[in-house]
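The values are calculated or read from the model by the stated rules, or taken from the named source; none is laboratory data. Values in this document were obtained by computation on a predicted structure and should not be read as measured data. Counting neighbours? That spans all protein chains shown, and the Cβs are built from the backbone with ideal geometry, glycine included.
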Ligand code: SF4
Ligand code: FES
């Protein structure tokens with residue numbers, strides 16, 4: 001059952017050179033997309049330590065978007081390959097923690113792809129509405145005894 | 001001057017931390033010379049009432065090992081906290097959850113079902129499980145509650161110092177005793193030991209190339225590591241880069257990669273996530289498919305990356321589908 005009242009909170013780590021500029025383009029071109037994503041500008045997708053992603057989920061985000069330059073286009077040449085390798089490993093780990101892997105998304109969005117940015121945020125928001133809230137501390141509470 | 005009094009207590013643990021005291025060998029005599037051991041369940045008979053009768057401060061320090069899993073353990077550690085000016089989380093289980101903390105990858109209901117229903121050696125047609133309180137034919141029995149999760153010591157009481165390791169090496173225990181006796185303790189709440197990552201003191205560090213790539217992870221169960229080369233560079237997951245050193249490199253010397261029992265370095269929030277970050281730099285994978293194959297070659301990431309630290313990790317435990325009954 002999809003709760004249309006529920007507005008997911010998304011934290012987006014956007015690389016400064018491509019994806020953040022792409023997001024900016026979506027804004028300046030007045031494209032319509034849901035307001036659910038809080039954008040955090042990072043220098044490169046390779047800077048996004050899996051710790052950041054999990055910290056966001058633990059602290060109340062329902063989903064996390066990591067976005068960087070297309071492979072081959074990273075400003076620091078290799079950073080997005082690191083992101084690419086961390087991502088499936090993090091997803092495998094999240095599976096074991098019982099966190100749906102669809103809550104974390106990695107996308108390549110260039111500076112000129114404002115439209116793609118808007119589409120990714122729309123799709124992701126819809127996806128998270130279907131998945132429902134994560135509410136991690138609350139979710140594990142029933143599996144923890146009070147201390 | 002009277003000798004300072006010391007208490008040892010164990011919660012859910014294997015007994016290895018107690019063994020480490022015995023492993024002090026002749027040094028244990030020095031310890032006994034310097035302090036009075038007033039509570040030591042593994043060696044001396046003692047009851048809760050005796051501890052309740054202690055004057056506050058009469059016993060200087062409590063070394064508590066094991067993860068807190070039962071209500072009885074919680075009662076004991078709270079009492080020891082009340083009575084002793086110093087409480088030391090002794091060993092990986094009290095520090096981070098340790099091996100018993102891996103139970104946080106499942107639920108109490110599952111643990112009971114496996115132990116009391118599914119185990120092939122169990123004959124339990126009534127599907128009974130332990131209850132806190134039960135009466136049969138006029139006989140009454142109270143049992144401690146088995147908690148829903150395993151908790152490191154600092155999730156239930158304030159802890160003054162941590163002595164890491166599974167078990168802590170005897171030299172570190174001796175050093176901690178000396179620090180207490182000579183009043184040369186580090187700032188409160190710190191881990192007694194070194195702050196640098198294990199790689200820095202690892203005898204194999206010289207063989208670790210600045211740059212290396214791993215295509216697939218190997219496992220010690222199915223391939224034998226070279227006795228001298230850096231495990232990680234050879235493709236064996238070694239927790240050295242994210243783990244606190246000071247263990248004496250016992251596993252490395254036994255040709256076993258670091259499994260992380262000393263816990264994360266002080267600047268690391270979560271050892272498992274830090275390791276993912278570190279190893280991804282070395283993966284040889286430039287396409288999404290290759291990256292997936294590389295990730296999939298790390299079997300059981302949760303059990304491997306949090307072997308000793310699951311309850312102290314950022315996510316703490318697994319969320320199970322459905323509700324806990
Ligand atoms: S990764 Fe392991 S084997 Fe290699 S230097 Fe670090 S601790 Fe030693
Ligand atoms: S700078 Fe954009 S991914 Fe590295």
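Whether any residue in the stretch A:46-66 is more than 22 Å from residue A:135 (Cα to Cα), within 15 Å of the chain's Cα centre (by Cα), within 16 Å of ligand 2 (Cβ to nearest atom) and in contact (Cβ under 8 Å) with a residue 40 or more places away in the chain is what I want to check.
no
Take the stretch B:63-93 and flag every residue that is within 14 Å of another protein chain (Cβ to nearest Cβ) and buried (at least 20 other Cβ atoms within 10 Å of the Cβ).
Here is the first cut: in the stretch B:63-93, the ones within 14 Å of another protein chain (Cβ to nearest Cβ) are B:67-75, B:77-78, B:81.
Scanning the stretch B:63-93 gives B:67, B:68, B:69, B:73, B:74, B:77.
Got a sec? Which helices (runs of 4 or more DSSP H) wholly within the stretch B:223-325 have at least 2 residues that are at the interface with another protein chain (Cβ under 10 Å from one of its Cβ atoms), touching a residue at least 40 places away in the same chain (Cβ under 8 Å) and under 19 Å from residue A:101 (Cβ atoms)?
Working: elements: B:250-253, B:271-280, B:288-296, B:301-305.
Filter on the stretch B:223-325 gives B:271-280, B:288-296, B:301-305.
Test each condition in (1) at pLDDT 95 or above; (2) in contact with a strand residue (DSSP E or B) (Cβ under 8 Å, 6 or more places away or on another chain) for residue B:85 and report the one that comes out false.
(1)
Every residue in the stretch B:100-115 that is out of contact with any helix residue (DSSP H, G or I) (no Cβ under 7 Å at 6 or more places or on another chain) and surrounded by 15 or more Cβ atoms within 10 Å (Cβ to Cβ), please. Step through it out loud before you land on a result.
Within the stretch B:100-115, the subset out of contact with any helix residue (DSSP H, G or I) (no Cβ under 7 Å at 6 or more places or on another chain) is B:106-110, B:112-115.
Selection gives B:106, B:107, B:108, B:109, B:112, B:113.
Among the residues of the stretch B:120-175, which ones are under 23 Å from residue B:264 (Cβ atoms) and within 14 Å of chain A (Cβ to nearest Cβ)? Steps first, answer last, please.
Step one: of the stretch B:120-175, the residues under 23 Å from residue B:264 (Cβ atoms) are B:149-169, B:171-173, B:175.
Of everything in the stretch B:120-175, those that are under 23 Å from residue B:264 (Cβ atoms) and within 14 Å of chain A (Cβ to nearest Cβ) turn out to be B:149, B:150, B:151, B:152, B:153, B:154, B:155, B:156, B:157, B:158, B:159.
Considering each of B:27, B:45 in turn, give the residue that is surrounded by 14 or more Cβ atoms within 10 Å (Cβ to Cβ) and over 17 Å from residue B:88 (Cβ atoms). So that I can check it myself, show each step before the final result.
Details: B:45 fails: surrounded by 14 or more Cβ atoms within 10 Å (Cβ to Cβ).
Just one listed residue meets the conditions, B:27.
Listed here are the residues, each with its yes/no results for (1) outside the structural domain of residue B:160 (by TED's automatic domain parsing); (2) within 26 Å of residue B:312 (Cβ to Cβ); (3) more than 13 Å from ligand 1 (Cβ to nearest atom).
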{"position": "B:208", "(1), (2), (3)": "yes, no, no"}
{"position": "B:222", "(1), (2), (3)": "yes, no, yes"}
{"position": "B:254", "(1), (2), (3)": "yes, yes, no"}
{"position": "B:260", "(1), (2), (3)": "yes, yes, no"}
{"position": "B:290", "(1), (2), (3)": "yes, no, yes"}
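Do we find that residue B:68 is on the phi < 0 side of the Ramachandran plot, in a loop (DSSP other than H, G, I, E, B) and under 20 Å from the mean Cα position of the chain (by Cα) in this structure? Spell out how you get there, then give the answer.
Numbers: on the phi < 0 side of the Ramachandran plot: yes; in a loop (DSSP other than H, G, I, E, B): no; under 20 Å from the mean Cα position of the chain (by Cα): yes.
Here the answer is no, as residue B:68 does not meet what is asked.
Could you tell me which of the residues B:296, B:286, B:267 is at pLDDT below 95 and away from ligand 2 (no atom under 16 Å from the Cβ)? Walk me through it before giving the result.
Details: B:296 fails: at pLDDT below 95; B:286 fails: away from ligand 2 (no atom under 16 Å from the Cβ).
Of B:296, B:286, B:267, the one residue that is at pLDDT below 95 and away from ligand 2 (no atom under 16 Å from the Cβ) is B:267.
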